[in-house]
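To keep things clear, I will list the structure first and then write my remarks on it.
The values are calculated or read from the model by the stated rules, or taken from the named source; none is laboratory data. Model, not experiment: these values are computed from the prediction. Counting neighbours? That spans all protein chains shown, and the Cβs are built from the backbone with ideal geometry, glycine included. Side chains included, ligands, DNA and RNA excluded: accessible areas come from the protein's heavy atoms. Shrake-Rupley method; radii C 1.70, N 1.55, O 1.52, S 1.80 Å.
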Amino acid sequence: MIRLQNIEKVYRTDTVETLAINGISLDIAKGEFLSIMGPSGCGKSTLLNIMGLLDEPSRGSIKIDDQDITRFSDQQLAKFRNQKLGFIFQSYHLINDLQVLDNVELPLLYRSGSAKERRELATEALAKVGLSNRLKHFPTQLSGGQRQRVAIARAIVGNPQIILADEPTGNLDSAMGNEIMDILINLNKNDGTTIVMVTHDENMAHKTHRLVRLFDGSQVQ
Ligand SMILES: Nc1ncnc2c1ncn2[C@@H]1O[C@H](COP(=O)(O)OP(=O)(O)OP(=O)(O)O)[C@@H](O)[C@H]1O
Ligand SMILES: [Mg+2]
């Protein structure tokens, strides 16, 4: 489903050059649930952003669903990302002056479909994460775990084949973290969604199919 070949990422500022990703090749199968672990700064988010087409590698090729996206124009990339990928960020990235329902509808605005359909799909996605009773709340009126669940609803509303999650349980206590993890496991099992999750939590990682460890931009396991 995702094939990374010899990915390198160099960040340059005026004074320093950081090799954030140093030649990573990775094959992720359709329906796989993969976790990525490693110390702070080892390149986990960078790698996830590259898989999510939010950042370009300095070198190497990326194929998603057998399409070589390195050749895509910006417009093609945006469309592809919107249709195939759902992203869950550690810091939620919700829009605070939009209600929960409107936040979840956002990815659908770039697709065809009526306002009524968007509303129905967003309501359904929020039901899946157990937030049917919070549709009209604003993000600031929610707990951390609830915000994370809104972020998950937004990631799944367009029925993506792939979900990329950057420490989705990082800010939560273990009970809420387990709940979020159960939601992801169910998406993977029931819908066959391919999931790549960055985590600092060994317990969460052990619930997934495969664990990849990074160190200093390289894969060590
Ligand atoms: N925009 C940027 N410009 C310059 N350097 C960057 C940039 N983004 C990341 N880096 C560097 O690349 C390296 C990898 O960063 P990355 O965010 O991928 O780490 P991480 O493994 O996700 O860490 P954490 O667990 O703390 O989130 C770090 O050394 C970081 O300083
Ligand atoms: Mg990170």
Positions within segment 189-221 being open to solvent by less than 70 Å² (accessible area, probe 1.4 Å) and more than 19 Å from Gly170 (Cα to Cα), in sequence order = Gly192, Thr193, Thr194, Gly217, Ser218
Scan Leu172, Leu108 and give me the residue that is touching a Lys or Arg at 6+ places or on another chain (Cβ under 7 Å), at pLDDT below 95 and farther than 30 Å from Asn6 by Cα.
-> Leu108
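Can you give me the number of residues within segment 113-125 that are in a helix (DSSP H, G or I) and either within 16 Å of Asp191 (Cα to Cα) or small (Gly, Ala, Ser) (or both)? Give the steps one after another, and end with the answer.
The initial filter retains those residues of segment 113-125 that are in a helix (DSSP H, G or I), namely 115-125.
So of that shortlist, the ones also either within 16 Å of Asp191 (Cα to Cα) or small (Gly, Ala, Ser) (or both) come out as 115, 121-122, 124-125.
Total satisfying the criteria: 5.
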Test: residue in segment 33-55 that is away from ligand 1 (no atom under 16 Å from the Cβ), in contact (Cβ under 8 Å) with a residue 12 or more places away in the chain and not basic (Lys, Arg) | yes
For segment 80-105, the count of residues that are modelled with pLDDT of 95 or more and assigned to a helix (DSSP H, G or I) equals 6
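Does segment 42-89 hold any residues that are of a type in the set (D, E, K, R) and within 18 Å of the chain's Cα centre (by Cα), and which are they?
Residues of segment 42-89 that are of a type in the set (D, E, K, R), as a first pass: 44, 55-56, 59, 63, 65-66, 68, 71, 74, 79, 81, 84.
Listed by number, the residues that qualify are Lys44, Asp55, Glu56, Lys63, Asp65, Lys79, Arg81, Lys84.
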Ser25: touching a residue at least 12 places away in the same chain (Cβ under 8 Å) and touching an Asp or Glu at 6+ places or on another chain (Cβ under 8 Å), yes or no?
-> no
Which one is nearest to ligand 2 (Cβ to nearest atom), of the residues in segment 38-79 that are within 26 Å of Asn190 (Cα to Cα), open to solvent by 10 Å² or more (accessible area, probe 1.4 Å) and part of a strand (DSSP E or B)?
-> Lys63
Segment 1-28: number of residues that are open to solvent by 70 Å² or more (accessible area, probe 1.4 Å) and outside any strand (DSSP E or B) = 4
Given the conditions (1) touching a residue at least 60 places away in the same chain (Cβ under 8 Å); (2) buried (at least 19 other Cβ atoms within 10 Å of the Cβ), every one holds for Gly177 apart from (1)
